[in-house]
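J.: Here it is, the structure, as structure tokens.
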Amino acid sequence: MEKNTTESVTHGQCDARPRTTFPAKEQSSPPLRSCREVRRRIALGKEAFNKKKDLMQKSLSFHLRKRSVKVFVWSVVLYGSETWTLQKEDIRRLEAFETWIWRRVMKVSWNEHKTNEEVLQMVDTEREMMVTLRSRQKRRLGHILRHDSLLRITLEG
């Protein structure tokens, strides 16, 4: 059976000590704390990006490369994000990951000393990952509030 490693939680914060989880049991176990889940999802997103590196060739149009990043990488990172309770550290990590992706797509080296805003201008975009995540959370909340369920009763009081 394949094992995944995630970080453990101590005193309300995440640290880097490895903790073993089993994929089959992940579904039935209580949800992971958001900071661990964000870190895990970012690692999976980087892995997905590295697997699809051949799609980032210059021969493809820039618009197509941008769309492929959103399809193949963002979908992995934002999977299940509707249920996350984010802290400032988590938001910072997600924004840093988004910038990392665009730097890789544009092949901007750290030696070039380009700011994140300059990279976003090169990509002709703004920070979109948190906007997408928040819209998914709002959509989920609207879905919950439209239906009669225990969760709706809990939320409304």
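Residues checked against (1) modelled with pLDDT of 95 or more; (2) under 10 Å from the mean Cα position of the chain (by Cα); (3) within 15 Å of residue 125 (Cβ to Cβ); (4) crowded, with 16+ Cβ neighbours inside 10 Å:
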| site | (1), (2), (3), (4) |
| --- | --- |
| 33 | no, no, no, yes |
| 42 | yes, yes, no, yes |
| 54 | no, no, no, no |
| 60 | no, no, no, no |
| 83 | no, no, no, no |
| 93 | yes, yes, no, yes |
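J.: Tell me, which helices (runs of 4 or more DSSP H) lie completely within the range 103-157 with 2 or more residues that are modelled with pLDDT of 90 or more, within 30 Å of residue 49 (Cα to Cα) and among the β-branched types (Val, Ile, Thr)? Let's see the steps before the verdict.
T.: Numbers: elements: 116-123, 129-146, 150-156.
Hits in the range 103-157: 116-123, 129-146.
J.: How many of the residues in the range 70-80 are surrounded by fewer than 14 Cβ atoms within 10 Å (Cβ to Cβ) and in contact (Cβ under 8 Å) with a residue 12 or more places away in the chain?
T.: First, pick out the residues of the range 70-80 that are surrounded by fewer than 14 Cβ atoms within 10 Å (Cβ to Cβ): 71, 75, 79-80.
Those still in the list that are in contact (Cβ under 8 Å) with a residue 12 or more places away in the chain too: 79-80.
Result for the range 70-80: 2.
J.: If you don't mind, another one. Search the range 81-117 for residues being free of Cβ contacts under 8 Å to residues at least 40 places away in the same chain and polar (S, T, N, Q), and hand back the single one that is nearest to residue 46 (Cα to Cα).
T.: 99
J.: Do we find that residue 67 is touching a residue at least 24 places away in the same chain (Cβ under 8 Å) and under 21 Å from the mean Cα position of the chain (by Cα) in this structure? Before the answer, list the steps.
T.: Values: touching a residue at least 24 places away in the same chain (Cβ under 8 Å): no; under 21 Å from the mean Cα position of the chain (by Cα): yes.
Against the criterion (touching a residue at least 24 places away in the same chain (Cβ under 8 Å) and under 21 Å from the mean Cα position of the chain (by Cα)), residue 67 does not qualify.
J.: Among the listed residues 114, 107, 138, identify the single one that is charged (D, E, K, R) and surrounded by 15 or more Cβ atoms within 10 Å (Cβ to Cβ). Step through it out loud before you land on a result.
T.: Numbers: 107 fails: surrounded by 15 or more Cβ atoms within 10 Å (Cβ to Cβ); 138 fails: surrounded by 15 or more Cβ atoms within 10 Å (Cβ to Cβ).
None of the other options fit; the residue is 114.
The values are calculated or read from the model by the stated rules, or taken from the named source; none is laboratory data. Treat the numbers as computed from the prediction; the structure is a model and nothing was measured. Note that we place each Cβ from the backbone using ideal geometry, even for glycine, and neighbour counts take in every protein chain shown.
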